[in-house]
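Participant: Sharing a structure, written as structure tokens. Questions coming.
Bear in mind that the values in this text are calculations on the coordinates, not laboratory data. All figures in this text were calculated on a predicted structure; none of them were measured in a lab. Don't worry about glycine lacking a Cβ; one is built from the backbone with ideal geometry, like all the others, and counts go over all protein chains shown.
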Amino acid sequence: MKAWQRKTSLTGPRVKAVMESHEVQILHALVSNIVDMLEQRRDSAPRDELAEITGMRSGHSELPAEAPLARLLPDFHRPEPGSASDADAAAVARAHNSGMRMLHEPEIIDAKLAAASTVLRSLPARGGTVSLSPEQAQAWMGCLNDVRLGLGALLLEAGAVDGVPATDIPEYVEEDDPRSAHLDVYHWLTFMQDSLCSVLTGK
């Protein structure tokens with residue numbers, strides 16, 4: 001895949017790139033996996049009588065246990081060092097995060113699923129030109145970021161030492177390293193996202 005390009009058409013500006021068939025298959029599989037995780041998270045959210053009456057959905061109160069999903073749906077607040085005792089700060093942060101997550105996680109999931117749907121609908125079936133409106137390109141940016149974050153979380157887990165996940169994603173690993181194929185895809189996603197960002201920002 002070459003870099004994204006901005007083109008002018010009779011219907012307005014378009015953002016275009018040509019994707020090979022195998023690239024389409026890889027991206028389709030990655031995005032579909034994100035969709036599955038988000039839908040399972042959405043569908044497993046607790047339901048209560050008040051939500052049924054008011055129509056206001058309630059999300060989970062806890063951070064997802066799965067590392068990729070936790071990167072897509074992180075906590076809203078982290079305690080500031082030195083603001084209080086560590087125990088007090090952690091308790092306040094937990095309570096704040098729980099309430100914010102219950103209120104806002106459903107709409108965050110909706111937005112991520114909408115962006116993923118845009119990507120899946122606009123992918124050519126067997127490779128070819130991807131042609132996006134500026135609005136679709138923004139959805140691609142968000143979805144590519146989610147896919148990259150999720151894959152990055154798996155790479156960090158795979159690089160764990162003594163059960164502690166790695167903190168940095170390597171630029172390169174040996175070909176026989178179990179992370180090799182996934183790392184190549186991660187760097188490809190990074191290129192795709194950076195290229196699209198450059199086109200959208202005019203840089």
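Participant: Which cross-chain or sequence-distant (5 or more) residues have an amide H under 5 Å from the amide H of Trp4, H modelled 1.01 Å from N in plane?
Facilitator: Residues meeting the amide H criterion: Leu196.
Participant: As I understand it, the dipole of the chain uses +1 on the Cβ of Lys and Arg and -1 on the Cβ of Asp and Glu, about the Cα centre. Which of Leu200, Ser44, Gly142 lies farthest toward its positive end?
Facilitator: My answer, from the dipole projection, is Leu200.
Participant: If amide H atoms are built 1.01 Å from N in the plane of the peptide, which residues on other chains or at least 5 residues away come under 5 Å of the amide H of Gly159?
Facilitator: The list, which skips near neighbours in sequence, is Ala166.
Participant: Looking only at Val31, Val18, Val119, which one moves most when the chain is put into a Gaussian network model with springs between Cα atoms under 10 Å?
Facilitator: Of the options given, Val18 has the highest mean-square fluctuation.
Participant: Helix-derived [θ] at 222 nm for the chain: sum -39500 (n - 2.57) over DSSP H runs of at least 4, divide by residue count, nearest 500?
Facilitator: -20000 deg cm²/dmol
Participant: Treat every Asp and Glu Cβ in the chain as -1 and every Lys and Arg Cβ as +1, leave all other atoms uncharged, and give the resulting dipole magnitude about the Cα centre to the nearest 20 debye.
Facilitator: 1240
Participant: Out of region 108-178, which GluC sites (Glu not before Pro) are coil in DSSP terms and have no more than 16 other C-beta atoms within 10 Å?
Facilitator: Of the GluC sites (Glu not before Pro), the ones in loops of region 108-178 whose Cβ has at most 16 other Cβ atoms within 10 Å are Glu171, Glu174, Glu175.
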